[in-house]
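The values are calculated or read from the model by the stated rules, or taken from the named source; none is laboratory data. Because the structure is a prediction, the values reported are computed rather than measured. Note that each Cβ is placed from the backbone with ideal geometry, even for glycine, and that neighbours are counted across all protein chains shown. Just so you know, the surface numbers come from the protein's heavy atoms only, side chains and all, with ligands and any DNA or RNA stripped out. Shrake-Rupley method; radii C 1.70, N 1.55, O 1.52, S 1.80 Å.
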Amino acid sequence: MAGKLTSLVATQDMTQGSPSGNLIRFSVPLLIGNLAQQLYSTVDSIVVGAYVGDNALAAVGASGPILNLLLVLFMGISVGASVMVSQYFGAKDRERLEETIGTTITATVVSSIFIMIVGPLITPPVMSLLGTPEEIHDMACTYLIIQFAGIIGTAFYNILSGVLRGLGDSVMPVIFLIIACLLNIVLDVWFVAGFHWDVAGVAIATIISQIVSGSLCLIRLLHMHEMLTVKPSHLRPKARFLKQLIKLGLPSGLTQAIFSFAMIIVQSLTNSFGTVVIAANTAVMRVDGFAMMPNFTFGTTMTTYTGQNIGAGKVDRCVKGTKDGLKIGLSVSVVLVALILIFGQYLMQMFTSTPEVISTGMRMLRILAVGYVAMGVTQILSGVMRGAGDTMTPMWISIITTVIIRVPIAYGLEFLTRPEGGAMGSGSPDPLFVSLLISWLMGALLTVIAYRMGRWKKKSLVHVSATGEQDVALEPDNADQLEKD
């Protein structure tokens with residue numbers, strides 16, 4: 001029994017064995033983890049919808065784009081660290097692995113302090129600028145300010161769980177997240193139903209739970225002595241590792257920033273339709289989180305798998321793993337989307353009992369259905385490119401699909417559906433999701449083209465000679481030149 005438990009929590013070397021077997025073993029706990037992660041925001045919405053009302057549900061939803069925009073620092077650090085860790089792990093380079101993790105921990109603390117200061121200051125004016133309805137404005141600001149004040153727990157969990165996954169450990173982050181999720185559910189009900197703290201209660205419950213999960217990830221990382229030892233000297237950022245972290249993470253951070261900024265612009269359009277549409281949109285986005293889980297799960301899995309194998313110089317194995325990942329990931333996505341369409345009405349009823357909100361939400365889900373499968377292709381192939389060190393290509397694709405395609409289509413179609421002389425928000429709310437569907441379909445097409453061009457194969461941080469020996473650590477832009485030499 002002890003041997004099986006040790007095997008379960010051990011790190012996974014995906015440079016050996018069956019690619020499909022590696023992907024499934026790594027993805028299953030990750031999928032469970034994503035489910036638990038999604039339950040954070042879902043439980044918040046369910047509790048405030050049930051105990052406070054539709055306005056509170058709308059307030060939590062309206063705050064989402066702002067929160068996501070300021071989390072881009074963590075997204076960039078997490079992706080950059082995950083790529084570096086997985087490649088150095090695959091190359092068996094312990095020294096650079098330790099330096100990378102030490103630099104990551106320091107960058108996490110610094111970025112958390114920045115957001116804890118800036119976030120609460122910009123929240124009220126930004127929410128006013130977005131035209132947030134007066135009846136939910138104060139609640140949305142309260143929710144955001146509390147979230148920003150305790151952001152360090154969220155930062156440590158999201159970034160350090162990415163580091164652990166880069167080391168091949170997808171199990172322990174899930175265990176920590178499940179513990180935190182259960183705590184969050186108990187605290188949500190206690191603070192809202194018991195203490196009547198409304199949206200402030202769910203925000204406080206979330207940050208306490210995230211601090212617990214983030215602390216557990218840090219403890220786990222600091223006790224992996226068989227693989228690495230993070231010393232105080234490693235916490236002093238080295239210029240070359242910090243530069244590499246920024247170079248790899250900045251495109252992904254910018255991608256998320258652009259996406260969040262576009263969501264803020266679209267949120268302004270959403271707000272113009274009133275609280276019914278805002279509440280329906282909030283509930284749909286919670287259900288959307290579950291529909292997207294296979295996509296994000298296999299995208300993250302492919303980043304680790306590709307990073308380890310690129311670090312070991314096994315490009316052919318990356319290609320084989322990508323084919324297996326697409327087959328597995330898309331199959332799971334199709335089944336999950338079918339279940340959501342069949343049982344979607346019951347899922348919507350978990351958030352609200354208002355018939356108009358439920359019917360509006362179901363119409364939105366039907367519009368998005370096909371797009372979830374397309375997003376599976378985008379996430380899996382983007383994960384491959386990021387794992388190999390090519391984080392720029394997914395960024396450009398995101399800019400094109402989000403800024404150039406989605407935002408203009410959303411506003412354009414809404415304008416065309418207005419009655420003559422009508423103001424913004426008097427048209428149909430359907431363009432909010434039709435535009436999202438179109439952007440997803442175009443994103444999948446562009447990502448397939450970029451993957452087949454093969455630029456990602458030349459972006460490794462390490463060069464492995466024909467004999468299998470690691471020669472030198474490289475920055476991504478140097479890999480092309482070395483290959484030519």
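Comparing region 1-155 with the 2.2 N^0.38 Å rule of thumb, its C-alpha radius of gyration ratio is 1.35 (two decimals).
Near MET172, once Lys and Arg are set to +1 and Asp and Glu to -1 for all other residues with Cβ below 15 Å from its Cβ, the sum equals +1.
Projected over all directions and averaged, the alpha-carbon convex hull of region 400-439 occupies 2.4 nm². Expressed as an acute angle from 0 to 90° and rounded to the nearest 10, what is the orientation of the C-alpha long axis of helix 94-129 relative to the principal long axis of the chain? The angle comes out near 10 degrees.
Which of the peptides 179-189, 47-57, 407-417 is most tightly packed, and how do the rest follow, going by the mean number of other Cβ atoms within 10 Å of each residue?
Output ranking for 179-189, 47-57, 407-417: 47-57, 179-189, 407-417.
Given R0 = 41 Å, the distance between the Cβ atoms of VAL109 and THR417 translates into a calculated FRET efficiency of 0.30. You can think of it this way: the chain between ALA338 and ILE179 has 54.3 nm of extra reach, that is 0.36 nm per residue less the Cα-Cα gap. Rounded to the nearest 10 degrees, the inclination of helix 172-189 to the longest alpha-carbon principal axis of the chain is 20 degrees. Note on exposure: SER82, SER18, SER353 ranked by accessible area (1.4 Å probe, complete protein assembly) read SER353, SER18, SER82, with the most exposed listed first.
Legend: calculated FRET efficiency, LYS92 to ALA239, from the Cβ-Cβ distance at R0 = 35 Å, rounded to 0.05, equals 0.90. Computed across the chain, the Kirkwood radius stands at 22.9 Å (inverse of mean 1/r, all Cα pairs).
Counting only protein heavy atoms, what percent of the accessible surface of the chain is carbon or sulfur at a 1.4 Å probe?
Taking all protein chains in place, the chain shows 68 percent carbon and sulfur surface.
Counting only protein heavy atoms and a 1.4 Å probe, region 68-217 has 34 square angstrom of accessible area per residue. Of the cross-linked pairs LYS243/LYS327; LYS231/LYS458; LYS238/LYS323; LYS92/LYS243, those separated by over 27 Å at the C-alpha level are LYS243/LYS327; LYS231/LYS458; LYS238/LYS323.
The local environment of ALA59, defined by Cβ-Cβ distances under 10 Å, has a net charge of -4 under the rule Lys, Arg +1 and Asp, Glu -1. A Förster radius of 25 Å combined with the Cβ-Cβ distance from HIS225 to LYS323 puts the calculated FRET efficiency at roughly 0.10. Which percent of the Cα-Cα distances in region 63-218 go past 25 Å? Looking at region 63-218, the distances longer than 25 Å represent 37 percent of pairs. May I ask for the net charge around ARG386, where only other residues with Cβ less than 13 Å from the Cβ of ARG386 are counted and Lys, Arg are +1 while Asp, Glu are -1? So the environment of ARG386 carries a net charge of +3. If you bin all the Cα-Cα distances of region 256-295 at 10 Å, starting from zero, the percentages per bin are 28, 46, 25, 1.
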